[in-house]
Amino acid sequence: MKNFEYKGVVGGAEPENRDFNVVAGTVGSIVDGDLVVIADGYAVKVADGGAPAGNGLYGLARSISTETASVNGTVNVDFSPTGLIVQGIATTPANLATAVLFDKVSVDVSGTTQTIDENAAGALLLYKFIGDDYTTTGLIQVVIPFNLSS
């Protein structure tokens with residue numbers, strides 16, 4: 001199952017899509033549906049708590065990265081200057097309440113799974129709950145801003 005699914009962009013424009021470099025190391029470190037940060041032409045998976053230090057852009061991986069232990073690779077990424085809307089799971093679904101709608105939230109990483117940490121401030125915007133049983137399923141939509149300072 002993908003960590004996140006593309007649902008649209010803010011403002012209705014089509015997202016941009018292109019390949020970015022991935023540094024050699026862990027084979028297939030990024031998979032389809034991972035949130036990534038793009039900086040200096042390279043993509044890395046968003047880390048626990050948000051993103052790596054420095055300037056960069058958020059995006060959504062649309063392929064498995066092709067790097068090996070010793071050779072750089074690439075990954076295909078969607079991104080948008082107006083912000084992407086993606087759907088994923090809250091870290092603790094029972095904590096979802098209307099009071100947290102439109103709050104800035106962060107990313108929680110456990111192993112290879114990325115979830116939205118509804119209890120931690122970050123750069124993502126908690127946009128929408130999905131379904132009547134969202135406190136059980138944890139399904140939510142968030143807006144991924146164009147850059148890390150948004």
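Given the conditions (1) in contact (Cβ under 8 Å) with a residue 40 or more places away in the chain; (2) surrounded by 20 or more Cβ atoms within 10 Å (Cβ to Cβ); (3) of a type outside the set (Phe, Trp, Tyr), report the number of the one that Thr135 does not fulfil. Every listed condition holds for Thr135 apart from (2). Of everything in region 57-104 that is of a type in the set (D, E, K, R) and in a strand (DSSP E or B), the residue that is farthest from Val36 (Cα to Cα) is Lys104. Total residues in region 102-132 satisfying the condition of being of a type in the set (A, V, I, L, M, F, W, C) and either more than 20 Å from Val31 (Cβ to Cβ) or surrounded by fewer than 16 Cβ atoms within 10 Å (Cβ to Cβ) (or both): the figure is 9. With respect to being surrounded by 14 or more Cβ atoms within 10 Å (Cβ to Cβ), over 12 Å from the mean Cα position of the chain (by Cα) and among the polar types (S, T, N, Q), Thr74 fits the description. If you go through region 39-56 and keep only what is modelled with pLDDT under 90 and in a strand (DSSP E or B), you end up with just Ala39. When Pro93 is tested against (1) in contact with a strand residue (DSSP E or B) (Cβ under 6 Å, 6 or more places away or on another chain); (2) crowded, with 18+ Cβ neighbours inside 10 Å; (3) over 25 Å from Val23 (Cα atoms), just one condition goes unmet, and that condition is (1).
A quick yes/no check of all residues on (1) hydroxyl-bearing (Ser, Thr, Tyr); (2) under 30 Å from Asp133 (Cα atoms):
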residue: Ile64; (1), (2): no, no
residue: Gly73; (1), (2): no, no
residue: Asp78; (1), (2): no, yes
residue: Thr82; (1), (2): yes, yes
residue: Ile89; (1), (2): no, yes
residue: Thr92; (1), (2): yes, yes
residue: Ala99; (1), (2): no, yes
residue: Asp108; (1), (2): no, yes
residue: Gly111; (1), (2): no, yes
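Of the candidates Ala24, Ala13, the single residue that is over 15 Å from the mean Cα position of the chain (by Cα), at pLDDT 95 or above, outside any strand (DSSP E or B) and at negative phi is Ala24.
The values are calculated or read from the model by the stated rules, or taken from the named source; none is laboratory data. Worth saying up front: this structure is predicted, and the values here are computed from it rather than measured. A quick note on method: Cβ atoms are made from the backbone with ideal geometry, for glycine too, and the neighbour counts reach across all protein chains shown.
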